[in-house]
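Read through the structure below, which is laid out as structure tokens, and then see the notes.
Each reported figure results from applying straightforward, stated rules to the coordinates on display, with no laboratory input. Because the structure is a prediction, the values reported are computed rather than measured. Here Cβ is always computed from backbone atoms with ideal geometry, including for glycine, and neighbour counts include all displayed protein chains.
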Amino acid sequence: EPEVTQTPSHQVTQMGQEVILRCVPISNHLYFYWYRQILGQKVEFLVSFYNNEISEKSEIFDDQFSVERPDGSNFTLKIRSTKLEDSAMYFCASSRRRNNEQFFGPGTRLTVL
Amino acid sequence: AQTVTQSQPEMSVQEAETVTLSCTYDTSESDYYLFWYKQPPSRQMILVIRQEAYKQQNATENRFSVNFQKAAKSFSLKISDSQLGDAAMYFCAYRSNLLSGGGADGLTFGKGTHLIIQP
């Protein structure tokens with residue numbers, strides 16, 4: 001069964017460093033999403049992406065964040081200058097169409113020291 | 001903006017018993033989707049069940065069923081014959097029906113209910 005994959009599973013970085021989180025959505029899906037979950041808190045929507053552009057973003061998704069689909073398979077989330085409060089689990093999701101079910105990846109745990 | 005509230009931080013149930021997890025939501029939209037996601041210790045988010053707001057019939061998936069009360073804006077999850085593998089965080093989530101002109105791509109989640117299964 002096709003699934004969303006994410007790498008790395010755990011990333012440790014120093015405050016102020018740039019990180020790139022990678023996702024491979026399900027191959028025939030057209031809509032891609034990033035969510036984050038700070039430990040012990042609820043899952044929060046960051047951004048959605050379609051046709052090589054952002055279709056929606058939340059207040060959390062400020063100028064420190066960017067997304068990209070550099071090739072036909074990967075979907076990345078970049079944090080330019082990480083802060084301590086960026087420590088969280090980051091989930092990628094994809095859906096076949098905009099209104100379809102979103103399938104989640106296993107997440108990347110980001111730890112900022 | 002939509003909000004989702006899960007008032008039970010933790011629930012405990014004996015194996016093979018039935019448990020109901022509560023969820024309420026607030027929205028001004030008339031057409032939307034509601035979901036229950038399961039998050040086991042592995043942290044992966046797994047869709048358990050979904051409900052379209054325009055459907056009056058409650059969704060059912062094997063041992064999982066929902067009680068959807070649109071007027072009350074309530075969406076509870078019932079797990080029958082609880083199994084040890086059901087132990088997880090359960091999140092209720094809302095999403096606009098985009099085909100009806102709803103605005104939000106992203107899911108809005110509640111804070112979750114930690115379900116413990118007692119053997």
Which length gain, in nm to one decimal place, applies between A:Arg80 and A:Gln14 when the Cα-Cα distance is subtracted from 0.36 nm times their residue separation? 22.6 nm
Enumerate the calculated ³J(HN,Hα) couplings along the range B:17-28 in order (Karplus 6.51 cos²θ - 1.76 cosθ + 1.60, θ = phi - 60°), each rounded to whole Hz, writing x wherever the residue is Gly or Pro. 8, 10, 9, 10, 9, 9, 8, 10, 9, 10, 7, 9
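Residue by residue through A:95-104, how many Cβ atoms from other chains fall within 10 Å of the Cβ on average? Before the final figure, lay out the partial values.
Values: counts 1, 0, 2, 3, 9, 0, 5, 9, 3, 8.
Partner Cβ neighbours, averaged per residue: 4.
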Report the equivalent ellipsoid semi-axes for the protein assembly as shown in whole Å, largest first, defined as the square roots of five times the eigenvalues of the gyration tensor built from alpha carbon atoms. 29, 21, 16
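How much net charge surrounds B:Ala88 when only the other residues with a Cβ under 13 Å from the Cβ of B:Ala88 are counted, with Lys and Arg +1 and Asp and Glu -1?
Residues close to B:Ala88 contribute a combined charge of 0.
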State, as an integer percentage, the relative contact order of the range B:1-113 based on alpha-carbon contacts under 8 Å between residues 6 or more apart. 35 percent
Please report Rg (one decimal) and Dmax (integer) in Å for the Cα set of the range B:13-119. 14.0, 47
Which residue, A:Asn99, A:Asn52, A:Asn28, has the most motion in a Gaussian network model of chain A that connects Cα atoms within less than 10 Å? A:Asn99
Enumerate the calculated ³J(HN,Hα) couplings along the range B:74-83 in order (Karplus 6.51 cos²θ - 1.76 cosθ + 1.60, θ = phi - 60°), each rounded to whole Hz, writing x wherever the residue is Gly or Pro. 10, 8, 9, 10, 10, 10, 9, 6, 3, 10
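Within the set of other residues whose C-beta is less than 14 Å from the C-beta of A:Ser73, count the net charge using Lys and Arg as +1 and Asp and Glu as -1.
Result for the local shell: -1.
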Computed about the Cα centre, the charge dipole of the range B:3-118 from +1 Lys/Arg and -1 Asp/Glu charges at the Cβ has a magnitude in debye, to the nearest 20, of 120 debye
Considering the Cα positions of chain A, please state its Rg to one decimal place and its Dmax as a whole number of Å. 13.1, 39
Non-local amide H neighbours of B:Leu115 (under 5 Å, H modeled in plane, Pro and chain starts lacking H): which ones? B:Met11, B:Ala88, B:Met89, B:Tyr90
Would you kindly derive the ³J(HN,Hα) couplings of the range B:32-45 from the backbone phi angles with the Karplus curve 6.51 cos²θ - 1.76 cosθ + 1.60 (θ = phi - 60°), listing them in order in whole Hz, with x for Gly and Pro? 6, 10, 10, 9, 10, 10, 10, 10, x, x, 5, 6, 5, 8
Pick out which of B:Ala53, B:Ala16, B:Ala87 has the largest mean-square fluctuation in a Gaussian network model of chain B, springs linking Cα atoms closer than 10 Å. B:Ala16
Please check: in the Gaussian network model of chain A (C-alpha springs, under 10 Å), which one of A:Ile38, A:Ile26, A:Ile79 has the largest mean-square fluctuation. A:Ile38
Compute the separation of the alpha-carbon centres of the range A:51-79 and the range B:44-119 and state it in Å as a whole number. 27 Å
Would you mind calculating the relative contact order of the range A:1-86 from Cα pairs under 8 angstrom and at least 6 residues apart, reporting the percent as a whole number? 32 percent
Net charge within 12 Å of A:Ser9 by Cβ-Cβ distance, Lys/Arg positive one each and Asp/Glu negative one each, not counting A:Ser9 itself? +3
